[in-house]
Amino acid sequence: MQEKIKLIENEAIQAINNAQSIPSLDEARVRFLGKNSEFMSLLKSLGDLSVEMRPQAGAQLNSVKNKLENALRDKKIILLQHEQQKKISAEKIDITLPGKGIRRGTIHPITQVMDEAKAIFGRLGFEIAEGPDIELEYYNFDGLNIPAHHPSRDMWSTFFIKDDVLLRTHTSPVQVRVMEKRKPPLAIIAPGRVYRRDYDATHSPVFYQLEGFLVDKNITFGDLKGTLTEFLRQIFGKEKKVRFRPSFFPFTEPSAEVDVECVLCQGKGCRLCKDTGWLEILGSGMIDPNVFKGVSYDPEMYSGFAFGMGIERIAMLKYGIDSIHLFYENDLRFLEQF
Amino acid sequence: MRVPIEWLKELVSFRANADQLAEMLTMAGLETVVLPDEIIDVAVLPNRADCWSILGIAREVSALTKFKLKPIKYRGKESNRNIHKLLKVTVRDAKLCPRYMARMVEDVKIGDSPAWLKKRLELAGVRSINNVVDVTNYLLLEVGQPMHAFDASLIAGGEIIVRRANPGEKIDTLDGVSHELTADTLVIADNEKAIAVAGVMGAGNTEISQATSTIVLESAYFNPVSIHKTSKAIKTRSESSIRFEHGVDFAMVETALNRAAAMIAELGKGRVLGGQIDIKGKVEKPTIIELRTEKINQLLGAAIPDGDIKAILTRLGFKVVGKKVTVPSYREGDIYREIDLIEEIARIYGFNRIPATMPSAAFPGKELHSFDNFRSQVLEIMVGCGLNECQTHSMIGPNDLDKIGQPLEKAIQIDNPMSIEESLMRTNLLPSLMNVLVHNLNRQMENVLLFEIGKVYLPSNQKLPEEKWTLCAVVCGSPLMSAMDKGKVDYFYLKGAMENLINLLKIRDLHFVESNNLLVQPGRGAEIEGIGIVGELHPAIRQKYDIECPVYFMEINLDVLFMKAAGDKRYVQLPRFPFVARDISMFVPKDVQSQMIGALIRRVGGELVENAFPFDKYQDSLAYRVIYRHPEQTLTDAEVNALHAEIIKALEAKLSVRVR
């Protein structure tokens, strides 16, 4: 009996070791520990043994049973791991294939630059106001100290609708509209479309402007310089030099053109800046007392500054775009670069 | 304006080289670039008519460098004969011609100008004609006073009359153009005919020629507004008209005339006649402005000493006595207020010397512009749905409206468009986006998904038209990242974008109804009343654009959507009990829409139906899932079964569906 048990044990261990898969391991288990296995019949036949032999044989059978069960369990773990490995290798994918889902669209570069400008002025405390594209001559010209038949009106080539209605040539009418309704202190920016009868590589009959103005007691030309310098450094980079040079606008006095160090040559002089080292970015000035009088503000009590800039021009300089018309052509190969 | 440096140096000595000169003038408000041949090119601003001459630039250089200005000289030799015996001048409209002066030069030999004069004119960009015309051009450049020379023998009756043109009066100007004039135009005439359009251009009938011997030289001050109007009306701009319309120097009229007469006599070997004609109305007293030094520094945020202020103004030609500042004749018109003086001081002192500061007051960004914020949200949603934002012109053409079958009459017309293609204000964003779609399809792009947020312009009964913010989208191709994933845009893709918009803005109770709009293919478009439309573009329309693939579009009135979106967000307590889901599979008649099924399920199921949505469709069979939940307890199978059976009964009875 003892030898028989030993023989079964050896045979079983060998079968377990040789099992290459879960089914063949199962087969081994059924063969050696199953209901109809030789081992089980030995176990059942314990009762036939003599009382003296029974304990020893019982202990031996139990020990072998435990041994085989442990071996089966261990082997099963190994085989399971092995199978998982196999499954994992089989499930390998090409992780470089493209992702899925809806491709995100793009925000137009004009909108991006406008949003950036709005955000900077927002941080400086300016709020947004808007006005109509189709505007009264009064708000576009007269209210801004640009009388009829004055040569300064020729600074803007205007689209007319009829009579005293026109397409606004700048966003400055919003200044007058807001000041007519509200009292200082005011810090306002007015973004929007403007229209001029111009067409070449840098001029489009439709373009975007951002107007801004700030009115309170004791606002100085120094404040104008400080505010616009801060804005331009945030847009073009902290290291950029900014300069203010005298200019003329009917609605500001003194008026200043604001230049930024050339973005291409860093001020050394190149084709972009026409060898001057500077790029003209925006027009500005202290609001003319005549504009204040038109909205019944006392110019002795209040002062303020105003400024206006072309958004396409800033976008062109920021991104190195050489034709304004690319913005309005909306070629996807252009739009998707931003 | 081209300024030869050597000529400039005749009027003011200075030590700067061309580059330094250009920098100095630029930073004083006269944008200047250096050209070859020792020439600078100065861009004169519209308010600085006084700088439209070498003298004007010399005055600026003098103010900036502190070098003294040299006087304009001429010889005063005259013949025995007197102008008054030969010429009579009558000014009939003193308002349009406040000053008219004339001198005569006799025995002039017309010929070429000397080389030095030709050279100077050439450097300044003016063509040499003859020794008389050249002198008038020379003085126009040097002192900014336009003058005109007539052949005295061709002036009928020896009389010059400054008058308004007779309506319909004709004149042939020196540039060979015939003009028909109106009574708004001031002319210089003799007894018979007009001999010049005042301040703009002379006529051929009294032109200086080789046969000319006696010359009448005119120097005047014409009303700027009148010259501006005339120049526009007859579409002629000349070096003269540009200067007159900005206002010339009243005092320079005489100096320029005398210098010109003396120069012509010298170059043409003739003699200046004695006397001069000078007809002027009441001469205005010079403008005197009270200037407060504290106001200057308060406005500029600077600390410019009184002494510097006085010195700057004096160098610019102002007389300063105490607080009173007298304006020189050549700055009349431009400078009449304290603020104008402050600008002069600031620009000569130097903008860059004024310290930059931040406004001392606090400007809290008071109000959020909620519509601007809303627009950004809409933009983000659309971009998230895979569409590319476009910006197109606000103008369209009749052809654009014609293609989409929209009426032209509704569109606001531009009176002076640049082209017929951009002669109307758009009433719809669709045509512009269709053109962009075509542009991209023609460049081998297959997946074109576009949208724009912009205004449309509609007539109103107010003075100004109505401007409505609109969202429009036009798509064809695939919105997917990878070409490996098959799937093209269809009606449901754009409807999805519209639903995303409505959901994210937390707008409720909006219903899609089938659209009868002529833009959509019948049966493939939906509308939300008053808000927008989504659907497949009618094939007949896309064929007009030669587009073969189906095009889907969407248009939304953002002003209305914004009003609906304005509500606050409120938290609703999370459910504490589980839901029970039951599906209904049914055959649905053709005219029954999914929305009707969903609505009926909700109505019959009442509060216990939390949600009901379609989850499968194959041919005429549709599967709906109903989610049941009770807020206070776990629903039992029996409760759900009873309600579910009731819903099925209602569906069969009311909508004739057949539940499988």
Rounded to the nearest percent, how much of the accessible area of segment A:2-90 (1.4 Å probe, protein heavy atoms only) is carbon and sulfur? 52
As I understand it, the value is the acute angle between the Cα axis of helix B:637-655 and the longest principal axis of the Cα atoms of chain B; what does it come to in degrees, rounded to 10? 70
Rounded, prolate or oblate for segment A:2-90? Axes are the square roots of the Cα gyration tensor eigenvalues, ordered a ≥ b ≥ c, and the cut-off for rounded is a/c under 1.5. prolate
With each pseudo-label sitting 7 Å past Cα toward Cβ, what's the B:Met563-B:Asn352 distance in nm, one decimal? 5.6
What is the distance, in nm, between label points placed 7 Å from the Cα along the Cα-to-Cβ direction at B:Lys109 and at B:Asp616? 11.4
Hits in segment A:164-208: amide N under 18 Å from the 7 Å Cα→Cβ extension of B:Gln298, namely A:184-185
Projected label distance in nm at B:Lys66 and A:Lys268, using a 7 Å step from Cα toward the beta-carbon: 3.7
Can you give the extra length, in nm with one decimal, that the chain gains between B:Arg508 and B:Lys319 once fully stretched, where that is 0.36 nm per residue apart less the Cα-Cα distance? 60.7 nm
Determine, from the Cβ-Cβ distance of B:Asp172 and B:Asp415 and an R0 of 25 Å, the FRET efficiency 1/(1 + (r/R0)^6), rounded to the nearest 0.05. 0.20
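What does the helix-only formula give at 222 nm for the protein assembly as shown: each DSSP H stretch with n ≥ 4 adding -39500 (n - 2.57), the total divided by the residues, and the result rounded to the nearest 500 deg cm²/dmol?
Taking each H run of at least 4 residues, the total per residue is -10500 deg cm²/dmol.
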Enter the Cα centre distance for the pair segment B:139-208 and segment A:67-101, rounded to the nearest angstrom. 104
Expressed as a whole percentage, what fraction of the accessible surface of segment B:130-248 belongs to carbon and sulfur atoms when a 1.4 Å probe is rolled over the protein heavy atoms? 48
Residues losing 10 Å² or more accessible surface upon assembly, segment A:315-338, compared with the chain by itself, 1.4 Å: A:Tyr328, A:Glu329, A:Asn330, A:Asp331, A:Leu332, A:Arg333, A:Leu335
Cα-centred dipole magnitude for segment A:193-338, charges only on beta-carbon of K, R (+1) and D, E (-1), debye, nearest 20: 340
Probe radius 1.4 Å, ligands and nucleic acids ignored: give me the carbon and sulfur share of the accessible area of segment B:567-636 as a rounded percent. 52
Keeping all protein chains in position, work out how much accessible area B:Ile541 exposes to a 1.4 Å probe, and write it in Å² to the nearest 10. 10
Given a 1.4 Å probe and the protein chains all in place, what does the accessible area of A:Thr96 round to, in Å² to the nearest 10? 110
Return P(r) of segment B:1-95 (all Cα-Cα pairs; 10 Å bins starting at 0; whole %; ordered from short to long distances). 14, 39, 17, 17, 13, 1
Per residue, how much accessible surface does the protein assembly as shown expose to a 1.4 Å probe? Answer in Å², no decimals. 47
Return the subset of B:Lys229/B:Lys455; B:Lys617/B:Lys649; A:Lys241/A:Lys318; B:Lys506/B:Lys590 for which the Cα-Cα distance in this structure is over 25 Å, preserving the input order. B:Lys229/B:Lys455; B:Lys506/B:Lys590
Could you report the accessible area of B:Thr26 in Å², rounded to 10, computed with a 1.4 Å probe on the protein chains as they sit in the structure? 10
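Quick one: compute the contact order of segment A:2-90, relative version, from alpha carbon pairs under 8 angstrom and 6+ residues apart, as a percent.
36
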Between 0 and 90°, nearest 10: helix B:306-315 axis offset from chain B longest Cα axis: 60
With the label point 7 Å along the Cα-to-beta-carbon line of B:Gln444 and a cut-off under 15 Å to each amide N, the hits in segment B:543-562 are none
Using Cα pairs closer than 8 Å and at least 6 residues apart in sequence, work out the relative contact order for segment A:109-335, in percent. 21
Provide a whole-number value for the mean count of partner chain Cβ atoms within 10 Å of the Cβ atoms in peptide B:40-49. 3
Step through the residues of segment B:24-31 one at a time and calculate ³J(HN,Hα) from phi using the Karplus curve (6.51 cos²θ - 1.76 cosθ + 1.60, θ = phi - 60°), rounding each to whole Hz and writing x for Gly and Pro. 4, 5, 4, 6, 9, x, 10, 4
Averaged across B:337-347, how many Cβ atoms of other chains sit within 10 Å of each residue's Cβ atom? 5
List the lysines whose Cα lies under 26 Å from the Cα of A:Lys67, skipping any in the same chain that are fewer than 8 positions away. A:Lys4, A:Lys6, A:Lys35, A:Lys44, A:Lys75, A:Lys76
Apply the a/c threshold of 1.5 to the C-alpha gyration tensor of segment A:109-335 and tell me whether it is rounded, prolate or oblate. oblate
Pairwise FRET efficiency - B:Gln573 versus A:Asn36, Cβ, R0 = 51 Å, nearest 0.05: 0.20
Run down the aspartates and glutamates and flag those whose C-alpha is under 12 Å from the C-alpha of A:Lys100, throwing out any fewer than 8 positions away in its chain. B:Asp485
What's the ranking of B:521-532, B:266-277 by average number of surrounding C-beta atoms within 10 Å, highest first? B:266-277, B:521-532
Which residues of segment B:391-414 bury at least 50 Å² of accessible area once all protein chains are present, versus their chain alone (1.4 Å probe)? B:Gln391, B:His393, B:Met395
Within a 10 angstrom radius of each residue's Cβ in A:125-137, how many Cβ atoms of other chains show up on average? Whole number is fine. 5
Can you tell me how much longer the chain between B:Lys118 and B:Lys649 gets when fully stretched, taken as 0.36 nm per residue apart minus their C-alpha distance, in nm with one decimal? 180.6 nm
So the B/A interface buries, both sides summed and with a 1.4 Å probe, an accessible area in Å² (nearest 100) of 7900
With a ≥ b ≥ c taken as the square roots of the eigenvalues of the C-alpha gyration tensor of chain B, please select rounded if a/c is under 1.5 and otherwise prolate if a/b is larger than b/c or oblate if it is not? prolate
Against the longest principal axis of chain B, how steep is helix B:224-233, in degrees 0 to 90 to the nearest 10, with axes from Cα atoms? 60
Per-residue HN-Hα couplings for segment A:164-180 [Karplus 6.51, -1.76, 1.60; θ = phi - 60°; Hz; x = Gly/Pro]: 9, 10, 8, 8, 4, 8, 7, 8, 4, x, 4, 3, 5, 4, 5, 5, 4
As an exercise, use a Förster radius of 45 Å and the Cβ-Cβ distance of B:Arg625 and A:His325 to find the FRET efficiency, rounded to the nearest 0.05. 0.30
Based on a Kirkwood Rh over C-alpha pairs, give the Stokes-Einstein translational diffusion coefficient of the protein assembly as shown at 4 °C and viscosity 1.567 mPa s in µm²/s. 36
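The values are calculated or read from the model by the stated rules, or taken from the named source; none is laboratory data. Source: prediction; values computed, not measured. For neighbour counting, all protein chains shown are included, and Cβ atoms are generated from backbone atoms with ideal geometry for every residue, glycine included. To get the accessible areas, we keep the full protein, side chains included, count just its heavy atoms, and leave off ligands, DNA and RNA. Shrake-Rupley method; radii C 1.70, N 1.55, O 1.52, S 1.80 Å.
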